[in-house]
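Here is the structure we will look at.
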Amino acid sequence: MARSASSHAQPPGSTGVLVFADGTVIWGKGFGHEGQAVGELCFNTAMTGYQEVMTDPSYDAQVVCFTFPHIGNVGANAEDVESRGQERSLGAVGCVVREDVTPSSSFRAESEFGDWLRAQGKIGLSGVDTRALTRKVRLEGAPNVAIAHDPGGKFDLKALRKLAQEWSGLEGLDLVPRVTRAESEQWGGGGWTLGKGYGRADWQGKPHVVAIDYGAKDNIFRNLASAGAKVTVVPARTSLDEIMALKPDGVFLSNGPGDPAATGKYAVPVIKGLLEADVPLFGICLGHQMLGLAAGAKTAKMHQGHRGANHPVKRVGKSWGASEGLFEITSMNHGFAIDNATLPPGVEETHVSLFDGTNCGIAITGKRAFGVQYHPEASPGPQDSFYLFEKFVGMLG
């Protein structure tokens with residue numbers, strides 16, 4: 001089978017298909033969940049961590065094209081996921097890979113990748129020229145697509161195209177209610193070690209961080225605990241009064257999916273209240289964007305977004321002292337960003353992308369409040385940026 005075929009003629013043996021809103025059709029071999037799904041197509045450049053990517057709630061309503069050719073070959077296990085204990089499977093709705101997934105070859109594997117995808121309700125498509133697909137996204141922007149898998153190879157292309165055409169897209173879409181937890185939780189998980197799994201957090205005598213869950217990755221809470229905090233995780237719509245009643249020493253604003261301006265309609269007033277109360281704040285990704293909105297900046301949809309585990313970021317701004325001018329290799333996953341041209345007086349830019357100069361960090365002058373666009377918790381990715389968790393916990397009284 002050809003790596004990809006954009007004509008409507010179905011190649012023999014095709015059991016999966018990707019249909020664009022513009023009518024482009026890409027055939028391949030389906031695996032994982034059988035059925036269909038709709039979302040935004042994006043690409044991720046990470047060479048490892050496909051389970052973490054696929055279970056990151058920030059990928060809700062997205063289909064991930066992996067640029068690394070061999071995905072799934074080390075199988076799947078219960079430890080390498082970034083959203084657990086939820087009522088529904090969180091993260092991406094599907095993935096596109098180049099090579100067929102071979103049997104697992106890792107001592108940590110507990111199941112095959114295809115079986116794991118099926119159990120998670122996520123669709124896979126293999127045999128695709130992912131390099132050409134990535135180039136299409138880079139040139140034309142992130143498109144709306146429908147992905148489908150049928151072992152019998154029967155597809156209604158017109159219906160799938162209509163599904164992609166009628167989907168709203170991410171701009172203006174608040175996806176946080178789909179991924180936030182329903183109830184507050186005292187986070188008890190610690191760091192991971194080989195052969196022992198995840199440890200337990202020690203809360204005794206630690207400063208109290210209330211983390212607002214807009215679709216958070218679990219490794220964020222582990223890093224907060226490892227940096228020396230006691231963590232209480234609360235749902236996205238928790239009110240300012242409810243948060244203050246928990247007597248936080250600081251508040252964390254998590255990552256999450258969708259348009260920050262849409263989620264900000266109810267989140268930004270709470271963040272403004274926390275700023276007025278001079279509560280220390282730390283935001284990541286969506287939380288960072290909404291901290292910017294609360295401070296008076298604006299956000300915008302990006303052409304293709306940044307997703308991968310190898311994105312270079314430069315530290316800038318006076319608030320970083322001697323560290324100014326240093327570089328970090330970071331893990332990223334976002335399709336929206338703070339428009340750095342709209343940063344108002346009193347908001348300092350602290351980090352910028354070396355790929356395109358987009359904003360990757362801010363600090364609020366006169367406040368103990370900062371945020372970064374990238375993911376210092378990585379998972380997958382490098383650990384250059386763990387210092388941010390230590391910086392935040394070090395601010396707490």
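The values are calculated or read from the model by the stated rules, or taken from the named source; none is laboratory data. Fair warning: this is a prediction, and the values are worked out from it, not measured in the lab. Counting neighbours? That spans all protein chains shown, and the Cβs are built from the backbone with ideal geometry, glycine included.
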Checked ALA277, ALA341 against criteria (assigned by TED's automatic domain parsing to the domain that holds GLU242, touching a residue at least 24 places away in the same chain (Cβ under 8 Å) and out of contact with any Cys (no Cβ under 7 Å at 6 or more places or on another chain)); the one match is ALA277
Across (1) in contact (Cβ under 8 Å) with a residue 24 or more places away in the chain; (2) buried (at least 18 other Cβ atoms within 10 Å of the Cβ), LYS318 clears everything bar (2)
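Got a sec? Which of GLY197, GLY172, GLY191 is without any contact (Cβ under 8 Å) to a residue 60 or more places away in the chain and either hydrophobic (A, V, I, L, M, F, W, C) or surrounded by fewer than 17 Cβ atoms within 10 Å (Cβ to Cβ) (or both)?
Only one candidate passes the filter, namely GLY191.
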Only one of (1) surrounded by 24 or more Cβ atoms within 10 Å (Cβ to Cβ); (2) within 30 Å of TRP187 (Cβ to Cβ); (3) at pLDDT 95 or above does not apply to ILE26, and that is (2)
Residue check: is ARG3 at pLDDT below 95, within 18 Å of THR134 (Cα to Cα) and basic (Lys, Arg)? yes
Within region 178-188, the residues that are touching a strand residue (DSSP E or B) at 6+ places or on another chain (Cβ under 9 Å) and touching a residue at least 40 places away in the same chain (Cβ under 8 Å) are VAL179, THR180, ARG181, ALA182, GLU183, SER184, GLU185, GLN186, TRP187
Is it the case that region 191-207 has a residue that's at pLDDT 95 or above, in contact with a strand residue (DSSP E or B) (Cβ under 8 Å, 6 or more places away or on another chain) and within 22 Å of VAL372 (Cβ to Cβ)? yes
Flagged pairs (Cβ under 8 angstrom, 6 or more apart or on separate chains; first in region 1-15, among the basic types (Lys, Arg); second modelled with pLDDT of 75 or more and outside any loop (DSSP other than H, G, I, E, B)) are ARG3/ALA132
So, first residue within 19 Å of LEU240 (Cα to Cα) and not assigned by TED's automatic domain parsing to the domain that holds LYS247 in region 201-229, second residue aliphatic (A, V, I, L, M) and modelled with pLDDT of 95 or more, Cβ within less than 9 Å, six or more apart or across chains; the pairs are none
Notebook entry, point to check: For region 284-297, does any single residue satisfy the condition of being part of a loop (DSSP other than H, G, I, E, B) and out of contact with any Leu (no Cβ under 7 Å at 6 or more places or on another chain)?
Noted result: yes
Here the residues within region 158-205 that are assigned to a helix (DSSP H, G or I) and within 27 Å of PHE20 (Cβ to Cβ) are LYS158, ALA159, LEU160, ARG161, LYS162, LEU163, ALA164, GLN165, GLU166, VAL176, ARG178, VAL179
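Okay, residues lined up against (1) crowded, with 16+ Cβ neighbours inside 10 Å; (2) assigned by TED's automatic domain parsing to the domain that holds LEU41; (3) touching an Asp or Glu at 6+ places or on another chain (Cβ under 6 Å); (4) part of a strand (DSSP E or B):
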{"position": "LYS301", "(1), (2), (3), (4)": "yes, no, yes, yes"}
{"position": "HIS334", "(1), (2), (3), (4)": "yes, no, no, yes"}
{"position": "GLY366", "(1), (2), (3), (4)": "no, no, no, no"}
{"position": "ALA378", "(1), (2), (3), (4)": "yes, no, no, no"}
Every listed condition ((1) exposed (fewer than 15 other Cβ atoms within 10 Å of the Cβ); (2) in the same structural domain as LYS391 (by TED's automatic domain parsing); (3) touching a helix residue (DSSP H, G or I) at 6+ places or on another chain (Cβ under 9 Å)) holds for ALA182 save (3)
Of the residues in region 115-135, those that are in contact (Cβ under 8 Å) with a residue 12 or more places away in the chain and assigned to a helix (DSSP H, G or I) number 10
Tell me, yes or no, whether region 340-348 has at least one residue that is in a strand (DSSP E or B), surrounded by fewer than 19 Cβ atoms within 10 Å (Cβ to Cβ) and over 22 Å from the mean Cα position of the chain (by Cα). yes
Restricting region 271-290 to residues that are within 19 Å of SER385 (Cα to Cα) and among the hydrophobic types (A, V, I, L, M, F, W, C), the one surrounded by the most Cβ atoms within 10 Å (Cβ to Cβ) turns out to be LEU286
Here the residues within region 19-70 that are of a type in the set (Val, Ile, Thr) and either closer than 21 Å to ARG138 by Cα or in the same structural domain as CYS285 (by TED's automatic domain parsing) (or both) are VAL19, THR24, VAL25, ILE26, VAL38, THR45, VAL53, VAL63, VAL64, THR67
